[in-house]
Every structure is written in C-alpha cells, then in structure tokens.
1. Within the set of pairs 6 or more residues apart or between chains, which connect a residue that is free of Cβ contacts under 8 Å to residues at least 40 places away in the same chain inside region A:1-26 to a residue that is surrounded by fewer than 14 Cβ atoms within 10 Å (Cβ to Cβ) with Cβ atoms less than 9 Å apart?
2. Among (1) of a type in the set (A, V, I, L, M, F, W, C); (2) within 14 Å of chain A (Cβ to nearest Cβ); (3) open to solvent by 10 Å² or more (accessible area, probe 1.4 Å), where does B:Ile47 come up short?
3. If only one of B:Ser41, B:Ser91 is exposed (fewer than 15 other Cβ atoms within 10 Å of the Cβ) and either touching a Lys or Arg at 6+ places or on another chain (Cβ under 9 Å) or within 13 Å of chain A (Cβ to nearest Cβ) (or both), which one is it?
4. Anything in region A:1-30 that is assigned to a strand (DSSP E or B) and within 24 Å of B:Val85 (Cβ to Cβ)? List them, or say none.
5. Could you list, in sequence order, all residues of region A:70-90 that are buried (at least 16 other Cβ atoms within 10 Å of the Cβ) and either more than 8 Å from chain B (Cβ to nearest Cβ) or not in a strand (DSSP E or B) (or both)?
6. Could you tell me whether region B:49-62 includes any residue that is within 21 Å of A:Cys91 (Cβ to Cβ) and touching a residue at least 12 places away in the same chain (Cβ under 8 Å)?
7. Is it true that B:Gly106 is closer than 21 Å to A:Phe101 by Cβ, modelled with pLDDT under 90 and open to solvent by less than 70 Å² (accessible area, probe 1.4 Å)?
Amino acid sequence: DAGVTQSPTHLIKTRGQQVTLRCSPKSGHDTVSWYQQALGQGPQFIFQYYEEEERQRGNFPDRFSGHQFPNYSSELNVNALLLGDSALYLCASSFGWGEQFFGPGTRLTVL
Amino acid sequence: DAKTTQPPSMDCAEGRAANLPCNHSTISGNEYVYWYRQIHSQGPQYIIHGLKNNETNEMASLIITEDRKSSTLILPHATLRDTAVYYCIVSPGSGGSNYKLTFGKGTLLTVNP
C-alpha cells in the first residue's frame, strides 16, 4: 500500500500565476482533505471532498478551489497566487469514521 | 471546535517515558481527543484518539481525565525517532475523523541521547 501520495514534491511559481496540486488517497479511502501549513505553524484546514463534492470548507478565499475524481483522487487549485500562499500543502485521506492519513505534502514557493 | 493548550516544547531522555500534556477545558460531550505528530518535513502522523476512556495502542497511551478537560499522551520508551511536533486536537462527531482537524502549534518534543 503506497499510502497517500502527492505531486509535485516542490513547486516554484510567481505572483499572479495559477497552480494545481494533486493527491492520490490511500487505497480504500473515499474522503480527501486539504491543509495549508505555513512555516512554524500547524496545518490549517482548507476544504474536504467526499463523493466528488466539497463537504466542508475552512476560512480560505475563493481563489482556492478543488476537485475530486471518481477514483477518489483530488486536485487543489490556487489562482492569482500571492506571496502569502507560500506554504506546505498537505493532503489527508480517510474512510468512514477512520483517522486521517496524511501525505508528505507539496512545498509551494511563490516569488 | 474546542481549543487546546499545549506547552511549546519539552525534552525527554532516550529510553524514558515522555508525558505530553494537553488542556481542553471547553471540550463538548461528543468531541474526541486526537493526537498527531509531525516529524520535520513530513506530513502529520496519526497516533491515537479517545473519547473518555484511556486508550493504548502500539505507539502510545492516552490518559483522559474524568472531567475530560485535559489529557496526557504517553510514549512509554522514547527514542530519538520520536523527536517531533505533537499536536493535540479536539474534533467533533462520531469518530470525528471526517470532520476537519484544527491544529494548534503543538509541542516540540526533543528526545536526547
């Protein structure tokens, strides 16, 4: 079992650009959550997808959007990048009431 | 979600038990206590969770006070690989894991040789 995988590992973008991050959940998991972790802070919840729909959303602007595919994988899209969007983006998957398993994250740097 | 309070840092000698405290005085009756840890540059790792009874698994033990206002995570024999930031999280619902996890800054546990 490969666990939760994320791509790419690292990414460098410039202000105003758009970025897409990808996540494949752990085998058997149907729910994907995304978190943003700024340097020195704990992860902050962005949103959660279940059955291809956004089920919950944290306090993030509409520039942050996502998608879940029929195979349960997910994408996080961020438009009009700001310097403050530089962070580690974490994906977590779960099934039913089970615990969330996190991937290694994608390190996004906005210049 | 109920807030949690943890010390910013703790030290522990290798081979000794590490006891990490967490205060969650505003916890509601249906909220579980979860513990995750994050080793440098990795994603958080689930450790254990509980509602009101003490819990133990292969990684750790969780002791929850009778009034549920605080808890302690115990790593019985800490190793250098246990050096990490430990997060105590209170999450609502039946099992709660499909709800969002609200992370604080956690406790940096440093295990010394």
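1. Cβ pairs passing all conditions: A:Asp1/A:Ser27; A:Asp1/A:Gly28; A:Ala2/A:Ser27.
2. Failing condition for B:Ile47: (3).
3. Working: B:Ser91 fails: exposed (fewer than 15 other Cβ atoms within 10 Å of the Cβ).
The conditions single out B:Ser41.
4. If we filter region A:1-30 for residues that are assigned to a strand (DSSP E or B), which is where we start, we get A:5-7, A:10-13, A:19-24.
Result: A:Thr5, A:Gln6, A:His10, A:Leu11, A:Leu21, A:Cys23.
5. Residues of region A:70-90 buried (at least 16 other Cβ atoms within 10 Å of the Cβ): A:72-76, A:78, A:81, A:85-90.
Passing the criteria: A:Tyr72, A:Ser73, A:Ser74, A:Glu75, A:Leu76, A:Val78, A:Leu81, A:Asp85, A:Ser86, A:Ala87, A:Leu88, A:Tyr89.
6. Yes, because at least one residue in region B:49-62 is within 21 Å of A:Cys91 (Cβ to Cβ) and touching a residue at least 12 places away in the same chain (Cβ under 8 Å).
7. Working: closer than 21 Å to A:Phe101 by Cβ: yes; modelled with pLDDT under 90: no; open to solvent by less than 70 Å² (accessible area, probe 1.4 Å): yes.
Criteria not met by B:Gly106.
The values are calculated or read from the model by the stated rules, or taken from the named source; none is laboratory data. Note that the structure is a prediction, hence the values are computed from the model and not measured. Note that we place each Cβ from the backbone using ideal geometry, even for glycine, and neighbour counts take in every protein chain shown. Just the protein is used for accessible areas: all its heavy atoms, side chains included, with ligands, DNA and RNA removed. Shrake-Rupley method; radii C 1.70, N 1.55, O 1.52, S 1.80 Å.
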